[in-house]
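Presented below is the structure to which this report refers.
The values are calculated or read from the model by the stated rules, or taken from the named source; none is laboratory data. Just so you know, these numbers come straight off a predicted model, no measurement behind them. In this analysis, Cβ positions are derived from the backbone assuming ideal geometry, glycine residues included, and neighbour counts consider all displayed protein chains. Heads up: the accessible areas ignore ligands, DNA and RNA and are worked out on the full protein's heavy atoms, side chains in. Shrake-Rupley method; radii C 1.70, N 1.55, O 1.52, S 1.80 Å.
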Amino acid sequence: MQTSSTSSSSTPTSDTRVGQAPAGAASADSWSTSLETWARGRHGEKVLTVASTMDFAPLGTLRPQTFYELPVVMAVMTRRSASLHAALTRAVEIIREATYAFRMVVVTDVPTSAPVRTVDWTVEHLLGEADWAALQGENWLPAAVDHLEWARRQYGASLVLAPESPEQVLADIARVGAFSRAPEKIMSTAAELARQALPEGPQAGGSASQEERALRGWWRGALEDGLARQLDLGEGFTPTVTVIGGDSAGVIVADGVTAGEALQGWASESGWSVVRIGRAEAAGPTAERLHQALLRAAGEGAARAVGAAGPLLLITDQQQEEQPVPDGLDGVVVLHRPEEPGTGWSAELLMGYGASTRIRAAELPTALDRLRRIHLATTL
């Protein structure tokens, strides 16, 4: 049986705590960053120095103790990156079986992942993002990061893989090959298996939309490619989201068809960035919690993607009762239908610090632009 040292062409680095992420790492309390993005920003291409590894071995082996001293490689494979799981597992398993130089642990929020069932990897399960939002109504990423880092330390992982694109899958396969000193023939076979299993590009066949299985991780891509995102978060909650970038500051989250129509033309001319959310047909407490989580992720996700300062506002034709201004947003504009024929729509502006005002819908563009100027003057 061949074993391999944990050294590689990468410079080894010492282990650090969660609260001390290096410069450039994604924030662990973000509402828009995916777990994969956080893991890559935190651990990058480093080979981590570990004091020890957990004792575990493949099922059914007659001499499990022979595996105990081998290094551990950890793969982050959430529902968001499900289309890449088959490519990563096939390729890495070929390298593992050929070299016996490492053991594999997968951290996943997918209860029944077909690609993971085909390989003999140890599985560490996370509560899924949608389930967390439905049960807790809070940000999923801090809890997921804590679980991931706990598992990494417990298993003693020296290498963390967390791809979100076909290019990153191939790069991670190359990292595993260098880490395990796999022969060139094995590496070429692994890379070919991965390419065969990788999905085609999102615009293949001229599709005008793309499916997403998470609230986070795709906001910048939505801004850059202009494609609508069809979310599938389970529980029948399948809203459509479109991000339209502006050339000035401020983000408006348009919640519902009426709110979206009210912004056509004016928002782009005024330079606001707009997130248009088509309401899902699902109803009930779970769907409502998912919807509130989506609003929070939309405001922060679009703001981070645009990269410009400015207020984050929600525009909706739904009455705001329990929580007038969702956490993470500066204010809410509630559109009211005409109370009498011929009177026209009106709008109620509710700010997070408690102020509110009622104006005619025709005056809304002027009022919001003024609000943006005040916001920029008081926050810079």
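Could you tally the net charge around GLN210, taking each other residue with its Cβ under 9 Å from the Cβ of GLN210, Lys/Arg +1 and Asp/Glu -1? Don't skip to the answer; put the middle values down first.
Numbers: positive: ARG229; negative: GLU211, GLU212, ASP225.
That sum, taken over residues with Cβ under 9 Å, equals -2.
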Enter the accessible area of THR189 (Å², nearest 10), with the probe set to 1.4 Å and all protein chains included.
60 Å²
Between the residues ALA298, LEU227, PRO64, the Cα farthest towards the positive end of the dipole of the chain, that dipole coming from +1 and -1 charges on the beta-carbon of Lys, Arg, Asp and Glu, is from PRO64
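So what is the accessible area of region 20-93 per residue, in Å², with the probe set to 1.4 Å? Provide the component values of the computation, followed by the final result.
Working: 3130 Å² over 74 residues.
The answer is 42 Å² per residue.
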At 1.002 mPa s and 20 °C, plugging the Kirkwood radius over alpha-carbon pairs of region 113-169 into Stokes-Einstein gives what diffusion coefficient in µm²/s?
159 µm²/s
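Could you tell me how many cubic angstrom of Cα convex hull volume region 208-379 has per residue?
On the way: hull volume 20.9 nm³, N = 172.
Measuring per residue, one finds 121 Å³ for the Cα hull of region 208-379.
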The chain, accessible surface, carbon-and-sulfur percent (1.4 angstrom probe)
49 percent
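What are the equivalent ellipsoid semi-axes of region 106-229, built from the alpha-carbon gyration tensor (square roots of five times its eigenvalues), in whole angstrom, biggest first? Each step should come with its number before you reach the end.
Working: eigenvalues 140, 115, 34 Å².
That gives 26, 24, 13 Å for the three semi-axes.
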Diffusion constant of the chain at 10 °C, which comes from Stokes-Einstein with the Kirkwood Cα-pair radius and 1.306 mPa s, µm²/s:
70 µm²/s
With only helices counted (DSSP H, runs n ≥ 4, each -39500 (n - 2.57)), the per-residue ellipticity at 222 nm for the chain, to the nearest 500, works out to -11000 deg cm²/dmol
Mind listing which trypsin sites (Lys or Arg not before Pro) in region 138-238 are in a DSSP loop and have 14 or fewer other Cβ atoms within 10 Å?
ARG181
Tell me, how many Å apart are the Cα centres for region 328-380 and for region 37-104?
52 Å
